[in-house]
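Reading through the structure tokens given below for one structure.
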Amino acid sequence: IEARGIEVPVVGSFNNPGKLSPSTLGTWAAILRALPAARLLLSTRNLGDPTACRRLRRRFRELGVEPERLLLRPGIPDMARHLASYGEIDIGLDPFPYNGTTTTLETLWMGVPVVALLGDRHAARVSAALLHRIGLSELVAADVDGYVATAVGLARDLDRLASLRAGLRARMQASPVMDAT
């Protein structure tokens, strides 16, 4: 896993489109407004549909984000290519209130730190539990403002981001998350 040279930060998510709640999109828009050069890469199965892409671009425009800053791609069915595409993201953004699970694990395994919001039920606490288990509790926010601040802070601290990315897979391998027994 190589950390990519970051000129313009790319935040992203490959989560199921059903998890992209209005509050998630509003929070991601706040991150983009705080990082004027950043881009958002989304790759989900429904983004092969031009209507879905137009709707998403329109929603972000309503939230104060230029639609050109969105990189929208259909999901990639080939697993090797899908996993390789995580190399285009600097910071993973976890949806809420329904977190990722497989997507969060894939993102972390591919060397991309994930920012998560601690929710009030199991489906809203999965990513937080995974991040705690690999020793990245500081990427778990207690509220939306903390989520935005965590993502923005990480995007602005390129040394920390590069360090996290470089050691993420080894951190996972040494954690209880990967303890099959």
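The values are calculated or read from the model by the stated rules, or taken from the named source; none is laboratory data. For clarity, every value in this text was computed on a predicted model and none was experimentally measured. Ideal geometry is used to build each Cβ from the backbone, glycine not excepted, and the neighbour counts take in all protein chains shown. For accessibility, only protein heavy atoms count, side chains too; no ligands or nucleic acids. Shrake-Rupley method; radii C 1.70, N 1.55, O 1.52, S 1.80 Å.
Structure notes:
- Here the relative contact order of the chain, from alpha carbon pairs under 8 Å that lie six or more residues apart, stands at 24 percent.
- Gained length - S175 relative to R55, 0.36 nm times residue gap less alpha-carbon distance: 39.2 nm
- Gain upon complete extension [D145, T101; 0.36 nm per residue less C-alpha separation]: 13.6 nm
- Carbon and sulfur %, accessible surface of the range 1-150 computed with the full protein complex present, 1.4 Å: 55 percent
- Based on DSSP H segments of at least four residues, each scored -39500 (n - 2.57), the chain has a per-residue ellipticity at 222 nm of -13000 deg cm²/dmol.
- Hull volume in cubic angstrom per residue (convex hull over the Cα atoms of the range 26-80): 83 Å³
- For the range 64-130, the gyration tensor built on C-alpha atoms gives an oblate shape. Its axis ratio a/c (a ≥ b ≥ c) is at least 1.5, and a/b is not larger than b/c.
- Distance-filtered residues of the range 56-98 - backbone nitrogen under 15 Å, label point 7 angstrom along S21 Cα→Cβ: 94-98
- Accessible surface computed residue by residue for the range 31-91, with neighbouring protein chains in place and a 1.4 Å probe, gives 53 Å² per residue.
- Shown here are the Rg and Dmax of the Cα trace of the chain, at 15.2, 49 Å.
- Diffusion of the range 8-104 by Stokes-Einstein, at 20 °C in a medium of 1.002 mPa s and with Rh set to the Kirkwood radius over alpha-carbon pairs, works out to 160 µm²/s.
- Folded to 0 to 90 degrees: helix 158-173 orientation relative to the chain principal axis, Cα: 50 degrees
- Residues D120 and R81, FRET efficiency given R0 of 41 Å [Cβ-Cβ distance, rounded to 0.05]: 0.70
- Gain on full extension, evaluated as 0.36 nm per residue between D157 and A129 minus their Cα-Cα distance, stands at 7.7 nm.
- With both labels modelled 7 Å from their Cα along Cα-to-Cβ, the A34 to E62 distance reads 2.3 nm.
- Sparsely packed loop sites in the range 1-76 (the GluC sites (Glu not before Pro) outside DSSP H, G, I, E and B with at most 10 other Cβ atoms within 10 Å) comprise E2, E7.
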